[in-house]
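The values are calculated or read from the model by the stated rules, or taken from the named source; none is laboratory data. Bear in mind that the values here come from a model prediction, so they are computed numbers and not experimental data. Cβ atoms come from the backbone with ideal geometry, glycine included; neighbour counts cover every protein chain shown. Calculation scope for accessible area: heavy atoms of the full protein, side chains included, ligands and nucleic acids excluded. Shrake-Rupley method; radii C 1.70, N 1.55, O 1.52, S 1.80 Å.
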Amino acid sequence: MKNIENYRDRCIALLEDRGVTIYDIADAARFLQADYHKGLKAEEFFESIMSVLDKREVQFAIMTAIELDRQAENGTMIDKELEDVLRRDEGLYGVDEVNAYGICNLYGSISLTNFGFIDKKKYGIIAKLNEEGKDGVHCHTFLDDIVGAIAASAAGRFAHSRLRSKREEV
Ligand code: MG
């Protein structure tokens, strides 16, 4: 069987191509942890984000999400009905969220609740993606959830590692 590559760098390039930087995701993760730790900087989440992006399941979720958004945006999907659903970001569709849960599920319940929270609050890059998605040009139906899930998972990982190092101090 062909060895499957580590697609982390490819995913970072795909995200950047869609207007999302690692800093944007780190800032969203910081927002999620801001109530629990004073004076946090977005940069403190870089390591957790890279670790999330190192997982194969995460990479495939990102690649699938971005490909579907791009096909819908370019009008190149085979199923035009589905293309229309994605372009309208139909509220009852839900598959965009299910794809994103796959990422959160790898990081436990904190990630899942963080994901729901940031999806509701629409902080930072997620608000920007949402707005752009309504301009009739861009399709970010899958991307906003993917970005929220990466930020939520990185925040979950960060919370767990902070707790661990606190315990070790005692
Ligand atoms: Mg969505």
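Figures for the structure shown
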{"read-out": "Selection within region 9-45 - open to solvent by 70 Å² or more (accessible area, probe 1.4 Å) and not in a helix (DSSP H, G or I)", "value": "D35, Y36, K38, K41"}
{"read-out": "Looking only at region 95-111, and only at residues there that are polar (S, T, N, Q) and away from the ligand (no atom under 14 Å from the Cβ), the one that is farthest from D144 (Cα to Cα)", "value": "S109"}
{"read-out": "Positions within region 59-94 being within 11 Å of the ligand (Cβ to nearest atom) and in contact with a His (Cβ under 9 Å, 6 or more places away or on another chain), in sequence order", "value": "D69, D89"}
{"read-out": "K128 vs. criteria more than 9 Å from the ligand (Cβ to nearest atom), touching a residue at least 60 places away in the same chain (Cβ under 8 Å), open to solvent by 50 Å² or more (accessible area, probe 1.4 Å) and among the charged types (D, E, K, R)", "value": "yes"}
{"read-out": "Any hit, region 89-104, residues being at pLDDT below 95, part of a helix (DSSP H, G or I) and open to solvent by less than 40 Å² (accessible area, probe 1.4 Å)", "value": "yes"}
{"read-out": "Hey, M77 out of contact with any strand residue (DSSP E or B) (no Cβ under 8 Å at 6 or more places or on another chain), in a helix (DSSP H, G or I) and either open to solvent by less than 60 Å² (accessible area, probe 1.4 Å) or more than 25 Å from K121 (Cβ to Cβ) (or both) or not", "value": "no"}
{"read-out": "Count of region 55-69 residues which are in contact with an Asp or Glu (Cβ under 9 Å, 6 or more places away or on another chain) and surrounded by fewer than 18 Cβ atoms within 10 Å (Cβ to Cβ)", "value": "0"}
